Each structure stands twice: as structure tokens, then as C-alpha cells.
Amino acid sequence: MEKNQDEINNEIRDAKRRYSSLKSRIKKNGGFEFKEFYEWYKEQEKSCYYCGTTEEVLKELFPKKDEDNQQNTDKTQNVKTHKIESKKPSFTGTLHIDRLNPNLGYEPNNCVFACALCNNAKSDMINAENFKKYFGEKMSEFLTALHNDKITNIH
């Protein structure tokens, strides 16, 4: 199915936003020019490489942030309207760009999308293959149960 012009414009805008957040890390570690990044971006499934959770589900689990980077609440009842919260501003329902090998640059064959939970847990201490094998399925089970209201994650 071909994309209409609005969908293409939204895709380019999202790719530019993600690329912009990588620029300083690319300068330090080497990697993509925007055109190459955009080609990579278009080909990627919008789901976590490690646990398979889609960005659509992640956006339902994480709070939206306002202009001051504060988590939104239901103002009428003063109740949080999300299932996962973090004090870290980068922990949102948006997929991160993770390097499979943190010793290499941001290159097409070294980058994948990762959810905030997998990206943070993997860090640079567990290689991608081991993380996916030993933790990916369990993270998927956790996020699926949370999304389907089988469990809660209230502190």
C-alpha cells in the first residue's frame, strides 16, 4: 500500500526529529548522514528489536509529557493516566535508536529500534544477542501483561 503525501511528510518529520536527537552522539561515535538515516528509518519495523513491543503499545503505556517535561495526569480526578512512569525525561513511549555493538558507530547495520526499558536494561553491559535471548521474551511478557491490565506497576 502506497503512502499518501501526509503520511510521507509525517514520516520525514519523525525521522528528522529522531536524527536530530542523535547528532551529538554521531559526531562523537561516527555514523549516518541524514539521507542514509532516513533510508534506514523507512525500512525499520516500528517495534523494539529486543522484545518486539510496538511503538503504538509503548505510547499507551508511557505518559505523554507536557512542554515542561512533566507527566500528564487526568486533571479532573488528579489520577495518572499511564502504566509506566519514570523520572528520566527520555523514557517515553518513543522507540530509541540503539547500537547493537556500543563500540561501533551509528551505522545502518549496527542500529535497531529499542524500547526505553530494553535499551536501559541492556545498556552497554549485555551484548545484543544475549539480551534478546535471555531478556527479550520476558520483557515482552511484562509489557503485554501490563498493556492488557493483567498486572499493575504502581509504586
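The values are calculated or read from the model by the stated rules, or taken from the named source; none is laboratory data. Values in this document were obtained by computation on a predicted structure and should not be read as measured data. So basically every Cβ, Gly included, is an ideal-geometry build from the backbone, and we count neighbours across all protein chains shown.
What the table shows:
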item: Qualifying positions in the stretch 110-126 - among the small types (Gly, Ala, Ser) and either part of a strand (DSSP E or B) or surrounded by 14 or more Cβ atoms within 10 Å (Cβ to Cβ) (or both); result: Ala114, Ala116, Ala121
item: Residues of the stretch 88-109 classified as polar (S, T, N, Q) and either buried (at least 21 other Cβ atoms within 10 Å of the Cβ) or in contact (Cβ under 8 Å) with a residue 12 or more places away in the chain (or both), total; result: 4
item: From the options Tyr41, Tyr19, residue that is of a type outside the set (S, T, N, Q), within 16 Å of the chain's Cα centre (by Cα) and farther than 30 Å from Lys138 by Cβ; result: Tyr19
item: Matching residues, the stretch 1-23, being under 16 Å from Ile97 (Cα atoms), modelled with pLDDT under 90 and of a type in the set (A, V, I, L, M); result: Leu22
item: Cross-chain or 6+ apart pairs with Cβ under 6 Å, the stretch 140-155 first and more than 15 Å from Leu58 (Cβ to Cβ), then in a helix (DSSP H, G or I) and of a type outside the set (Asp, Glu); result: Ile151/Ala145
item: Yes/no for Asp74 being modelled with pLDDT under 90, touching a Ser or Thr at 6+ places or on another chain (Cβ under 6 Å), over 21 Å from Ala128 (Cα atoms) and surrounded by fewer than 14 Cβ atoms within 10 Å (Cβ to Cβ); result: yes
item: Some residue of the stretch 98-120 being of a type in the set (Phe, Trp, Tyr) and modelled with pLDDT of 95 or more; result: yes
item: Residue selected from the stretch 127-137 under the condition free of Cβ contacts under 8 Å to residues at least 12 places away in the same chain and not polar (S, T, N, Q), by the criterion surrounded by the most Cβ atoms within 10 Å (Cβ to Cβ); result: Lys133
item: Those residues of the stretch 18-62 which are among the polar types (S, T, N, Q) and either in contact with a Lys or Arg (Cβ under 9 Å, 6 or more places away or on another chain) or assigned to a helix (DSSP H, G or I) (or both), in sequence order; result: Ser20, Ser21, Ser24, Asn29, Thr54
item: Residues (surrounded by 12 or more Cβ atoms within 10 Å (Cβ to Cβ) and of a type outside the set (A, V, I, L, M)) located in the stretch 138-155; result: Ser140, Glu141, Phe142, Thr144, His147, Asn153
item: Close pairs from the stretch 1-30: first within 30 Å of Leu104 (Cα to Cα), partner among the hydrophobic types (A, V, I, L, M, F, W, C) and not in a helix (DSSP H, G or I), Cβ under 7 Å, at least 6 apart; result: Arg18/Ile97; Leu22/Ile97; Ile26/Phe32
